[in-house]
Amino acid sequence: MNSFILYNPTKLVFGIGETAKISQLVPAKARVLLVYGGGSVKKNGSYDQTIKALGRRKVVEFSGIEANPEYETCLKAVEVIKKNKLDFILALGGGSVIDASKFIAAAALFKGKNPWQILTSYGANVKEALPLGTVLTIPATGSEMNQNSVISRRATTEKLAFASDLVFPKFSVLDPTFTLTLPDRQISNGVVDAFVHVMEQYCTRPSDAPIQDGFSETILRTLVSEGPKALKKKDDIAVRSNIMFSATMALNKLICVGVPEDWATHLIGHEITALYGLDHAQSLAVVMPKLLEYKRASKGDKLVQLGRNVFGISEKSKKAAITKTIEAVANFFKKMKVGTEFADYKIDAKQAPAKVAANVAKHFAALGENADITPADVEKLLKL
Ligand code: NZQ
Ligand code: ZN
């Protein structure tokens with residue numbers, strides 16, 4: 001096992017009706033920017049409960065954060081903060097709203113000339129940030145309990161991430177009833193995204209880390225069993241609760257400690273979203289099965305372990321076990337109704353690999369746990 005620091009300062013407040021605790025979680029004198037997206041929060045109960053809990057505090061609302069949050073929109077929110085002298089950000093929504101809020105928190109106090117540098121430096125130049133809290137409405141990204149943020153800039157077809165300990169949420173409220181209004185597409189997106197998050201930290205190479213592997217396999221098994229149930233039975237709060245906690249645990253700096261991490265599927269997926277506008281999880285479902293096939297030699301031992309412990313695959317031959325496991329991953333995405341081919345999204349599968357690889361080359365020389373997936377490899381694997 002490699003050396004590691006395990007650090008996560010986010011207070012997780014889980015349960016039905018727990019939004020009321022915001023009255024104690026947000027400082028009494030806070031001047032709050034309430035950030036949300038296109039209006040789903042007004043239908044799932046989270047907005048009303050949050051406003052009630054904020055009581056008499058000064059609250060300025062900023063709505064209209066897009067799915068795959070836009071840089072220019074975030075800059076407008078920064079202006080609202082400065083104009084109204086606000087000092088606390090409350091994000092109400094999914095990964096996009098939370099990521100936007102993290103960027104806004106850092107950009108509001110950024111001393112440099114161009115806040116885009118927060119992203120191009122991967123957060124290295126973030127020296128301070130406003131405090132933020134979140135009320136989660138879609139289990140997917142884990143952003144509610146991590147220090148990552150992903151921001152898109154449509155004008156330049158870029159989608160870049162940054163990370164900083166300064167943007168860990170101070171608290172996150174997880175009420176599974178808020179997820180009951182999710183359309184199938186977003187239920188599916190969330191389950192697939194969380195599944196791939198675990199895979200990026202687990203499916204690399206054996207590193208004698210049974211605790212991390214055990215946590216990872218439990219999260220994966222839970223997603224594989226509960227995900228399809230959420231699509232079938234729309235009001236099962238136990239299923240929603242388990243998916244919600246799975247998604248948070250999938251990317252909150254726990255299962256990655258001491259082990260190698262991959263993230264190639266995500267970094268290639270971000271370029272696909274930037275170029276073609278696919279949902280984040282859709283892009284991952286296109287890349288992951290192909291990447292596993294391309295890397296079946298170096299990932300072989302973990303693929304066999306995944307097959308045995310998550311999908312119940314007991315083939316004696318290693319080659320057959322790997323093949324069946326990759327099939328099981330792709331079939332799980334399909335069962336969640338997320339397409340795994342460019343053609344499923346009406347994208348030309350002949351042209352896309354080269355375009356995506358060219359965009360990867362603008363940002364990275366090589367990807368993966370062994371840093372051996374070059375842009376040329378990206379093109380080859382996307383053609384599989
Ligand atoms: O805008 P509104 O009206 O709120 O609608 C949203 C949005 O259209 C809707 N929605 C959210 N909660 C709902 C709901 N609709 C009905 N009922 C509810 N309870 O769902 C749509 C998608 O929301 P979004 O926040 O975009 O989804 P998600 O949570 O999947 O976030 C995706 C973004 O997170 C980034 C992705 O790249 C993408 O930009 N990621 C962030 C990560 C992180 N911070 O650690 C890691 C991830 O890998 C990912 O890259
Ligand atoms: Zn993701």
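DSSP beta bridges confined to the stretch 134-218 are antiparallel in about 65 percent of cases.
If you wrap a convex hull around the Cα atoms of the stretch 8-76, how much volume per residue is inside, in Å³? Present the calculation step by step, with values, prior to reporting the outcome.
Numbers: hull volume 8.7 nm³, N = 69.
Cα-based convex hull of the stretch 8-76, divided per residue, equals 127 Å³.
Taking every DSSP beta bridge that has both ends in the stretch 87-165, the antiparallel portion is near 55%. When Rg and the Kirkwood radius Rh are both evaluated on Cα atoms of the stretch 330-373, their ratio Rg/Rh stands at 1.09. For a paramagnetic label modelled on Ser207 (point 7 Å from Cα along Cα→Cβ), amide N atoms under 11 Å away belong, within the stretch 1-15, to 1-5.
Here the stretch 223-305 is assigned +1 on the Cβ of each Lys and Arg and -1 on the Cβ of each Asp and Glu. Its dipole about the Cα centre then comes out at about 220 debye. Per residue, the convex hull spanned by the alpha carbons of the stretch 243-384 comes to 123 Å³.
Between Val60 and Asn370, full extension at 0.36 nm per residue minus the direct alpha carbon distance yields a gain of 107.0 nm. Looking at the stretch 325-372, the trypsin sites (Lys or Arg not before Pro) that sit in a DSSP loop and have at most 16 other Cβ atoms within 10 Å of their own Cβ are Lys337, Lys346, Lys350.
Note down the Stokes-Einstein diffusion coefficient of the chain in µm²/s, whole number, using a Kirkwood radius over alpha carbon pairs, 4 °C, and 1.567 mPa s. After rounding, the answer is 61 µm²/s.
The angle separating the long axis of helix 264-276 from the principal Cα axis of greatest extent in the chain is about 70 degrees.
Look at the alpha carbon pairs under 8 Å that are at least 6 residues apart: their mean separation over the length of the stretch 1-136 gives a relative contact order of 25 percent. Note on the chain: helix-only mean residue ellipticity at 222 nm, from DSSP H runs of 4+ residues weighted -39500 (n - 2.57) and normalised by residue number, equals -14500 deg cm²/dmol. Can you tell me what share of the DSSP beta bridges in the chain is antiparallel? A percent to the nearest 5 is fine. Taking every DSSP beta bridge with both residues in the chain, the antiparallel ones total about 25 percent. When you count the other C-beta atoms within 10 angstrom of each residue and take the mean per peptide, 134-142, 199-207 line up highest first as 134-142, 199-207. Quick one: grab the alpha carbon gyration tensor of the stretch 218-317, order the square roots of its eigenvalues as a ≥ b ≥ c, and give me rounded if a/c is under 1.5, else prolate or oblate depending on whether a/b is larger than b/c. Judged from the Cα gyration tensor, the stretch 218-317 comes out oblate (a/c at least 1.5, b/c at or above a/b).
Sequence-ordered 3J(HN,Hα) estimates for the stretch 332-341 from the Karplus curve with 6.51, -1.76 and 1.60 and θ = phi - 60° stand at 5, 4, 5, 4, 7, 6, 10, x, 10, 10 Hz, glycine and proline given as x. Cross-link partners for Lys350 among the lysines, with Cα-Cα distance under 28 Å and sequence neighbours closer than 8 places in the same chain left out: Lys159, Lys290, Lys295, Lys299, Lys324, Lys334, Lys335, Lys337, Lys362, Lys380, Lys383. Rounded to the nearest whole angstrom, the semi-axes of the ellipsoid equivalent to the stretch 106-260, taken from the Cα gyration tensor as √(5λ), stand at 29, 20, 14, largest first. From largest to smallest, the equivalent ellipsoid semi-axes obtained for the stretch 199-273 from the alpha-carbon gyration tensor read 25, 17, 10 Å. Across all Cα pairs in the stretch 127-189, the calculated P(r) in 5 Å bins from zero up to the longest distance comes to 4, 15, 19, 20, 19, 16, 6, 1 percent per bin. The alpha carbon gyration tensor of the stretch 62-154 gives principal lengths a ≥ b ≥ c with a/c below 1.5, which makes the shape rounded. Averaged over residues, the count of other Cβ atoms within 10 Å places the peptides 229-236, 180-187 in the sequence 180-187, 229-236, highest first.
Laboratory data are not the source of any read-out in this text; all were calculated from the coordinates shown. These figures come from a predicted structure and were not determined experimentally. Note: ideal-geometry Cβ built from the backbone for every residue, glycine included; neighbour counts use all protein chains shown.
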